[in-house]
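What follows is a set of notes on a single structure, which appears directly below.
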Amino acid sequence: MKVGYLGPKGTFTEEAARILAKGNELIPYHSFFDALKAVADDEIDEAVVAFENSIEGVVNMTIDSLAFDVDLYIQELLIMPIEQCLIAKKGTDISSIKKIMSHSHAIPQCKNFINANLSKAESETKASTAGAIKAVAEGEDNIAGIGARCAAELYGLEVIAEGIQDTNDNFTEFARVSKNKSLNYINGNKVTICFSTVDEPGALLKLLDIFSIYDINMSKIFSRPMRNKPLEYIFIIDLDVNNNSDDFKAAIKLLERKTAFCKNLGCYSVVDKRLKK
C-alpha cells in the first residue's frame, strides 16, 4: 500500500504518516492537494494530511479539497504534539540571522519567540517546514528555518533553539484519508459533515436542532466560503458517536433531505498522542 504525505522528508506530516501508515510505503508530494488528488486518481491508496492546528486553526487547503474537489473519506485522525525548532547551519549565531523560512502555519505558531529574538528578520513562507530547512542548508549563512528536529538531522544542520512555539499545548490533527466509504458509526468515533443552508433567519439553528433531537453531541463547528458562490458558506461540524448508530443514520438522513449541499467526510477513530507526553 502507498501512502502520500506533504514532503519532502523531514516534515511533521511525514512524522504523522509514519504513525498512521503502519509500515506502508510513504510517497512525498509538494502540497496537501497533490497528495489528495493522487488518492482520487488511484496513484496511491491513502494520504495523510494536516487538518487543524491548535494555534493556527483549520488547514483551509485540506478542508476545501475534501469538501469540493475529491470524494475521499477520513479513516483515522491523529492528534500529535508539535515542537518547533529554530534551525540553521552549524555555528550560526542567532543575532546574525536576517531571514526566517518555514510553512505558512509554522511561523505564526512561534510569533512570541520571533518578536523577542528575531524582530528584524525577514519572514519567507515555503510549501513545507522541511522544504524550508532544505533551503537553509542550500542557502546563505544568515538564514534560519523553523521545523522539526529530525529535519535538522536530515540536512546536516543545527538546532539553535527548541520548543519555540508560543505554547506547549501546540498540537496538530492529521487525517488519514482514502476512497473507502468509512460510515460505520462505532462508539467512540467521530463524524465530520459539510453542509450548506438556505439564506434565511434561523436556517442554521433548525438544522443543528436535528442533532439535539437525536441527542447527538456536536464537538466542533466552523465555516468556509462556498466554492464559486461569493458570500455563501458551508458549515463543517464534528459529531461524537456514543452507542447511537441508529440515531446517527436517522439524523444524517434528515440533514441530507433538508440541505442543498451535504457531504459526509467519514466516521473515524482518534489517536491522541498528547496522552503519552
Which residue is nearest to residue 191 (Cα to Cα), if the candidates are limited to segment 255-270 and must be among the aliphatic types (A, V, I, L, M) and modelled with pLDDT of 90 or more?
265
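Of the residues that sit in segment 148-188 and are of a type in the set (S, T, N, Q), within 23 Å of residue 3 (Cα to Cα) and open to solvent by 80 Å² or more (accessible area, probe 1.4 Å), which one is farthest from the chain's Cα centre (by Cα)? Working first, answer last.
Our first condition is that a residue be of a type in the set (S, T, N, Q); within segment 148-188, this holds for 165, 167-168, 170, 172, 178, 180, 182, 184, 187.
Narrowing the set further to residues that are within 23 Å of residue 3 (Cα to Cα) leaves 172, 178, 180, 182, 184.
The next check asks that each one be open to solvent by 80 Å² or more (accessible area, probe 1.4 Å); those that pass are 180, 184.
Values: 180: 20, 184: 23 Å.
My answer is 184.
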Has segment 110-124 got at least one residue that is within 20 Å of the chain's Cα centre (by Cα), closer than 16 Å to residue 11 by Cβ and not in a loop (DSSP other than H, G, I, E, B)?
no
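Mind counting the residues in segment 263-277 that are open to solvent by 40 Å² or more (accessible area, probe 1.4 Å) and either closer than 17 Å to residue 192 by Cα or assigned to a helix (DSSP H, G or I) (or both)? Steps first, please.
Just the residues of segment 263-277 that are open to solvent by 40 Å² or more (accessible area, probe 1.4 Å), to begin with: 269-271, 273-277.
Those left that are additionally either closer than 17 Å to residue 192 by Cα or assigned to a helix (DSSP H, G or I) (or both): 269-271, 273-276.
Number of matching residues: 7.
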Output the residues belonging to segment 132-147 that are surrounded by 22 or more Cβ atoms within 10 Å (Cβ to Cβ) and either under 19 Å from the mean Cα position of the chain (by Cα) or without any contact (Cβ under 8 Å) to a residue 60 or more places away in the chain (or both).
132, 136, 143, 144, 145, 146, 147
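How many residues does segment 231-254 contain that are assigned to a strand (DSSP E or B) and either over 11 Å from residue 191 (Cβ atoms) or open to solvent by less than 20 Å² (accessible area, probe 1.4 Å) (or both)?
Looking only at segment 231-254, we keep the residues that are assigned to a strand (DSSP E or B), and these are 233-240.
Restricting the remaining residues to those that are either over 11 Å from residue 191 (Cβ atoms) or open to solvent by less than 20 Å² (accessible area, probe 1.4 Å) (or both) gives 233-239.
Selection size over segment 231-254: 7.
If only one of 133, 193, 146 is more than 30 Å from residue 216 (Cα to Cα) and part of a strand (DSSP E or B), which one is it?
On the way: 133 fails: part of a strand (DSSP E or B); 193 fails: more than 30 Å from residue 216 (Cα to Cα).
Answer to the selection: 146.
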Within the set of pairs 6+ apart or on separate chains, which have a first residue in segment 24-53 that is farther than 10 Å from residue 3 by Cα, a second that is assigned to a loop (DSSP other than H, G, I, E, B) and of a type in the set (Asp, Glu), and C-beta atoms under 6 Å apart?
none
Could you list, ordered by first residue, the pairs with Cβ atoms under 6 Å in which the first is in segment 167-180 and touching a residue at least 12 places away in the same chain (Cβ under 8 Å) and the second is part of a strand (DSSP E or B) and among the charged types (D, E, K, R), at least 6 apart or interchain?
173/52; 176/46; 176/76; 178/46
Evaluation of residue 204 against (1) of a type in the set (A, V, I, L, M); (2) under 16 Å from residue 264 (Cα atoms); (3) not in a strand (DSSP E or B) (one fails), failing number:
(2)
(1) touching a strand residue (DSSP E or B) at 6+ places or on another chain (Cβ under 9 Å); (2) farther than 26 Å from residue 59 by Cα all hold for residue 219 apart from (2)
Top-ranked residue in segment 99-110 [being of a type outside the set (A, V, I, L, M, F, W, C) and within 19 Å of residue 159 (Cβ to Cβ); ranked as most open to solvent (accessible area, probe 1.4 Å)]:
99
Given (1) assigned to a loop (DSSP other than H, G, I, E, B); (2) free of Cβ contacts under 8 Å to residues at least 24 places away in the same chain, identify the lone condition not met by residue 209.
(1)
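The values are calculated or read from the model by the stated rules, or taken from the named source; none is laboratory data. Nothing here was measured: the structure is a model prediction, and the numbers come from that model. With ideal geometry, Cβ positions are generated from the backbone for all residues, glycine too; neighbour counts draw on all protein chains shown. We work out accessible area using only protein heavy atoms, side chains counted, and drop any ligands, DNA or RNA first. Shrake-Rupley method; radii C 1.70, N 1.55, O 1.52, S 1.80 Å.
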